[in-house]
Amino acid sequence: MSTADATARARGEALGFAALVAWLLLTVALALPRAIGPGDAGELGTIMLRGGVPHPPGYPWMRLLGLLSRALWAVGVPPMIAAALPCALAAAAGWALLARASRRLCPWPVAYATVALVASAHVVVLHTVECEVFGPLVLAAAVMVWLAIARPLGAIGTGVCLGAAVATHLTAIGLLPLAVAAAWPQQPGAAALLRAGLRGVVGSALGLLVFATLLVGDGPWRWGEIDTLRGLVDHVLRRDYGTFDLSLHDASPGAAAQIGFSLGHHADAWTAGSTDAPLLAAAIAIAVALGVRAAWPRAHRSAAIAVGIAWLVVGPGFASLGDLDPGSPFAAWILERFAVLPLVLATPALAVALALAAARVPAGWPRL
């Protein structure tokens, strides 16, 4: 390839990435809430703008993002936009980083287009362009995917990122396989694995220290008795609710209904809102897995395994543990938010599978 051709390709990719970022920011601008949103948005917005401690596990990163929200509010930005904008921009940054991570696995047009598709899904926009924790969670998950693919940090740095991700939302503990892939020694042996594991644990503990910021400051809205270390730990571990329960309800919905509900949101996101049929989502997931097996770069094979395990844990695995009935409207609203994290994790795999399919189509308009 000549220097001119390489320059033209680099310019084209840069323009493609700029177009993706512009699309993400346009989505944020159009979808930002102009009034108090449903569910937790009112509570979290109050705390971001006025201080306090949110409901368990405390969401320390939302409090820290609140410093930006207060600055925006102080210069005249409407309060709910000021509260939601940092969360929405965190999501946009996460999708952009995920696009760069996917670019390492397949051609950039497919990587960027796939991210644009999933980032525009109704369930994603609804819960990330809002004063909610799921925007920052997109960024946290994208960072972990990037670390598993690019491996720029050692075990301690990777552990810090994992701990910080878990402090964003407790479901991020399902990203542990990505941390393992990112910190896996180049020449594994018993001693090397033990050192990496210990360093990863130390790093994770450092990342979790952000929960200690819950002890700082006060406000008009405050949950829990966190004046003692035990009270702080109980709050972080959600012991009032039950650590692994989503609510105090005593419902026992079938695992199949829960998993089907989650897969329905995958189908909706992957087909641009054409269908939410769980069986179609399962079929697409199987096709994507076959595409990954055939086309995922061998140099990043460990990342493929880690992404697959993490998706199973935070997707079907987490859904099967739910104690809310997806047939109830408010319960469905609560449950659908948990489709965001598995959708993020599945995006690089979807891009690889689509790139494989595109490569087998003749060049020209059919491939486009």
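The values are calculated or read from the model by the stated rules, or taken from the named source; none is laboratory data. A quick note: this is a predicted structure, and the numbers were derived from the prediction, not measured. Positions of Cβ are backbone-derived with ideal geometry, glycine not excepted, and every protein chain shown enters the neighbour counts. Ligands, DNA and RNA are stripped out before the accessible areas are found, and what is left, the full protein with its side chains, is counted by its heavy atoms. Shrake-Rupley method; radii C 1.70, N 1.55, O 1.52, S 1.80 Å.
Here are a few things to note about the model shown:
- Using only alpha carbons, the chain has a radius of gyration to Kirkwood radius ratio (Rg to Rh) of 0.97.
- P(r) tail fraction, region 197-335 - alpha-carbon pairs more than 27 Å apart, %: 45
- Region 45-193: translational diffusion in µm²/s, Stokes-Einstein, Kirkwood Rh over Cα pairs, 25 °C, 0.890 mPa s: 149
- The relative contact order of the chain, computed from alpha carbon pairs under 8 Å that lie at least 6 residues apart in sequence, is 20 percent.
- Taking the accessible area of region 104-194, probe 1.4 Å, and keeping the other protein chains in place, the carbon and sulfur fraction comes to 73%.
- Counting only alpha carbon atoms, the long axis of helix 134-150 and the longest principal axis of the chain meet at about 40°.
- Net charge, Pro278 excluded, C-beta distance under 15 Å - Lys, Arg +1, Asp, Glu -1: -3
- Multiplying the residue separation of Glu225 and Arg360 by 0.36 nm and subtracting their alpha-carbon distance yields 42.6 nm.
- Summary of packing: across the peptides 283-292, 82-91, the per-residue average of other C-beta atoms within 10 Å ranks them, highest first, as 82-91, 283-292.
- A cut-off of 5 Å between modelled amide H atoms, ignoring neighbours fewer than 5 places along the same chain, links Trp221 with Val53.
- Of the residues Glu336, Glu130, Glu225, the one that moves most in a GNM of the chain with alpha-carbon contacts below 10 Å is Glu225.
- For region 25-84, Kirkwood radius (reciprocal of mean inverse C-alpha pair distance, Å): 11.7
- Relative protection proxy for 38-49, 181-192, from highest mean packing down: 38-49, 181-192 (other beta-carbon atoms within 10 angstrom).
- In the chain, the longest principal axis of the Cα atoms and the axis of helix 255-270 are about 60 degrees apart.
- Relative frequency of Cα-Cα separations exceeding 15 Å in region 59-103, percent: 49
- Packing rank of 52-64, 3-15, where each peptide gets the mean count of other beta carbons within 10 Å, highest leading: 52-64, 3-15
- Estimated translational D of region 158-228 in µm²/s (Stokes, Kirkwood radius over Cα pairs; 25 °C; 0.890 mPa s): 179
- Karplus-derived 3J(HN,Hα) values for region 152-160, using 6.51 cos²θ - 1.76 cosθ + 1.60 with θ = phi - 60°, are x, 10, x, 5, 5, x, 5, x, 4 Hz; glycine and proline are entered as x.
- Cα-Cα pairs of region 31-125 separated by more than 19 Å (percent): 49
- Distance between region 141-195 and region 258-304 - C-alpha centres, whole angstrom: 24
- Solvent-accessible surface of the chain, taken per residue with a 1.4 Å probe and all protein chains present: 47 Å².
- Evaluating kT/(6 pi eta Rh) at 10 °C and 1.306 mPa s, with the Kirkwood radius of region 273-368 over Cα pairs in the Stokes-Einstein relation, gives 105 µm² s⁻¹.
- For the chain, modelled as a GNM whose springs connect Cα atoms under 10 angstrom apart, the maximal fluctuation among Asp227, Asp268, Asp240 occurs at Asp227.
- Per-residue surface analysis assigns Cys161 an accessible area of about 40 Å², computed on protein heavy atoms at 1.4 Å probe radius.
- With a simple spin-label model that places each label point 7 Å from the Cα along the Cα-to-Cβ direction, the separation between Ala295 and Ala150 comes to 2.3 nm.
- Accessible-area order (highest first, 1.4 angstrom probe) of the listed residues Ser2, Ser69, Ser274: Ser274, Ser2, Ser69
- Contour minus Cα-Cα distance for Trp333 and Arg11 (0.36 nm per residue): 111.7 nm
- By a 1.4 Å probe calculation restricted to protein chains, Ile309 has an accessible surface near 80 Å², given to the nearest 10.
- Result for the chain in a Gaussian network model with C-alpha springs under 10 Å: among Asp323, Asp218, Asp234, the largest mean-square fluctuation is at Asp218.
- log10 of Debye I(q)/I(0), alpha-carbon scatterers only, for region 135-258 at 0.18, 0.21 Å⁻¹: -1.00, -1.14
- Rg to Rh, two decimals, where region 255-320 supplies the alpha carbon set and Rh follows Kirkwood: 1.02
- Using the rule -39500 (n - 2.57) for each DSSP H run of four or more residues, divided by the residues of the chain, the 222 nm mean residue ellipticity is -21000 deg cm²/dmol.
- Theoretical gain in end-to-end length, Ala191 to Val21 [0.36 nm per residue, Cα-Cα removed]: 56.9 nm
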